[in-house]
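Notes to accompany the following structure.
The values are calculated or read from the model by the stated rules, or taken from the named source; none is laboratory data. Quantities reported herein were computed from a predicted structural model and do not represent experimental measurements. Every residue, glycine among them, receives a Cβ derived from its backbone with ideal geometry; neighbour counts consider all protein chains shown.
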Amino acid sequence: MKRRDFIEKTAASTALLSLGLPLTSFTSSETKHLTILHTNDVHSYIDPFPADHPRNPNMGGVVRRAALIESIRKENPNVLLLDAGDIFQGTPYFNYYGGELEFKLMSMMQYDASTIGNHDFDNGVEGLYAQMSHAKFEFLSANYDFKNTVMDGFAKPYKIFNKNGIKVGVFGLGIELNGLVDKAMYKETVYNNPVEAAQDMVRILKKEQKCDLLICLSHLGYKYKDEPNKICDLKLAELTQDIDLIIGGHTHTFLDKPTVIKNLVGKEVLVNQAGCYGINLGRIDFYLDNNKELASKGTSIIV
């Protein structure tokens, strides 16, 4: 319990590394700047990898991620911090605390929203529900219907954030659970077509709510070489319109910078994913001018 108390008290410490990236600002003082920070598939990795780890020595860890996030917030206060699912499962922290610690630490880091991954059902839909009181951020899923489960009302299809006058619509999409998760774990949760759900979100957020920026938190996976017809982030980008950024998860894909895809009407969509286990923190910077024209740049930062 002493270790648990220490982790919870130090996770949001800002006394560690200052690792923010310098930004080149637009010359116009009218330009608005929004920074999107994101993680995915952290899988209960609270501590950094050990120094003798063959692939990821000393990488990751909640304390260092918290310090990095804090340093970026000092650089630009207009930040959205998002997660693309699979918060649970992977270390004894989950086995012992059932997700309580993960949600508390994310709340201390002031995450704004997360979608729900397949491993977030590993203690069943009841296990996910049991931890919801520890999460001080939104859970977003536009294609999981929880109405006949205990999770009914605890996940919203979308959330609108206003950052420095930029109206940002964020919605979530989850992967098909059948075949990945035992039916007994997700029970009456209904999976709906993610492309159709995304189109509904675009209609609401872009057409009706007039959002300046649309972000999809996706746990569909980046792409599937062996299953070319399976829906994934790249296909979602191609089959829809008006989504500016897809933040992905599930496939543990490490991208140095976002992939740029042409959407249904030939406009560019950014698709990004930050690997897994909290090793990287994804960062996308958007700039909005007086005509609400967007410019962006993105990278992944090693934590």
Query raised in the report: Taking region 200-222, which residues are in contact with a strand residue (DSSP E or B) (Cβ under 9 Å, 6 or more places away or on another chain) and of a type in the set (Lys, Arg)?
Result: Lys206, Lys210
Query raised in the report: Do you know which residues across region 223-253 are of a type in the set (D, E, K, R) and in contact with a strand residue (DSSP E or B) (Cβ under 8 Å, 6 or more places away or on another chain)?
Result: Asp233, Glu238, Asp242, Asp244
**Report entry** Number of the condition not met by Leu105 [criteria: (1) free of Cβ contacts under 8 Å to residues at least 40 places away in the same chain; (2) under 18 Å from Val63 (Cα atoms)]
**Finding:** (1)
**Report entry** Selection within region 139-171 - surrounded by 15 or more Cβ atoms within 10 Å (Cβ to Cβ) and more than 16 Å from Gln209 (Cβ to Cβ)
**Finding:** Phe139, Ser141, Asn143, Tyr144, Asp145, Phe146, Thr149, Val150, Met151, Phe154, Ala155
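Quick one: count up the residues across region 216-244 that are aliphatic (A, V, I, L, M), part of a loop (DSSP other than H, G, I, E, B) and under 19 Å from His38 (Cα atoms).
Here is the first cut: in region 216-244, the residues aliphatic (A, V, I, L, M) are 217, 220, 231, 234, 236-237, 239, 243.
Going one step further and asking which of them are part of a loop (DSSP other than H, G, I, E, B), we end up with 220, 231, 243.
From what's left, under 19 Å from His38 (Cα atoms): 220, 243.
Count: 2.
Pick from region 182-215 the residues that are in a strand (DSSP E or B) and not aromatic (Phe, Trp, Tyr): which of them is surrounded by the fewest Cβ atoms within 10 Å (Cβ to Cβ)?
As a first pass, look at region 182-215 and keep what is in a strand (DSSP E or B): 190-191, 213-215.
In the following step, the residues that additionally are not aromatic (Phe, Trp, Tyr) were identified as 190, 213-215.
Values: Val190: 13, Leu213: 24, Leu214: 25, Ile215: 28.
Among those that are in a strand (DSSP E or B) and not aromatic (Phe, Trp, Tyr), it is Val190.
Give me the residue from region 90-108 that is closer than 25 Å to Ile215 by Cβ and crowded, with 21+ Cβ neighbours inside 10 Å and, out of that set, farthest from the chain's Cα centre (by Cα). Don't jump to the end; show me each part of the working.
Let us first name the residues in region 90-108 that are closer than 25 Å to Ile215 by Cβ, namely 99, 102-108.
Within this subset, residues satisfying the condition of being crowded, with 21+ Cβ neighbours inside 10 Å are 99, 102-103, 105-106.
Working: Gly99: 17, Glu102: 14, Phe103: 14, Leu105: 15, Met106: 11 Å.
The extreme case among them is Gly99.
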**Report entry** Subset of region 255-299 that is within 23 Å of Asn162 (Cα to Cα) and of a type in the set (A, V, I, L, M) - its residue that is nearest to the chain's Cα centre (by Cα)
**Finding:** Leu281
Query raised in the report: Do we find that Asp256 is touching a strand residue (DSSP E or B) at 6+ places or on another chain (Cβ under 9 Å) and either of a type outside the set (Val, Ile, Thr) or at pLDDT 95 or above (or both) in this structure?
Result: yes
Query raised in the report: So which residues in region 50-91 are in contact (Cβ under 8 Å) with a residue 24 or more places away in the chain, out of contact with any Leu (no Cβ under 9 Å at 6 or more places or on another chain) and farther than 22 Å from His33 by Cα, if there are any at all?
Result: Asn56, Met59, Gly60, Gly61, Asp86, Ile87, Gln89, Gly90, Thr91
Query raised in the report: Just to be sure, is Asn290 modelled with pLDDT under 80, surrounded by fewer than 18 Cβ atoms within 10 Å (Cβ to Cβ) and polar (S, T, N, Q)?
Result: yes
Query - Single residue of Gly98, Gly61 found to be farther than 22 Å from Gly221 by Cα and in contact with an Asp or Glu (Cβ under 6 Å, 6 or more places away or on another chain) - result: Gly61
Query - Any hit, region 250-257, residues being β-branched (Val, Ile, Thr) and closer than 22 Å to Lys206 by Cα - result: no
Query raised in the report: Is it true that Lys136 is at pLDDT 95 or above, out of contact with any strand residue (DSSP E or B) (no Cβ under 8 Å at 6 or more places or on another chain) and under 19 Å from Ser107 (Cα atoms)?
Result: yes
Query raised in the report: Where residues in region 245-255 are free of Cβ contacts under 8 Å to residues at least 60 places away in the same chain and in a loop (DSSP other than H, G, I, E, B), which of them is nearest to Ser300 (Cα to Cα)?
Result: Leu255
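Please determine, by comparing only the residues of region 27-43 that are surrounded by fewer than 23 Cβ atoms within 10 Å (Cβ to Cβ) and part of a loop (DSSP other than H, G, I, E, B), which one is nearest to the chain's Cα centre (by Cα). First the steps, then the outcome.
Here is the first cut: in region 27-43, the residues surrounded by fewer than 23 Cβ atoms within 10 Å (Cβ to Cβ) are 27-33, 35, 43.
From the residues that got through so far, the ones that are part of a loop (DSSP other than H, G, I, E, B) too are 27-31, 43.
Numbers: Thr27: 30, Ser28: 30, Ser29: 30, Glu30: 29, Thr31: 25, His43: 13 Å.
Here the answer is His43.
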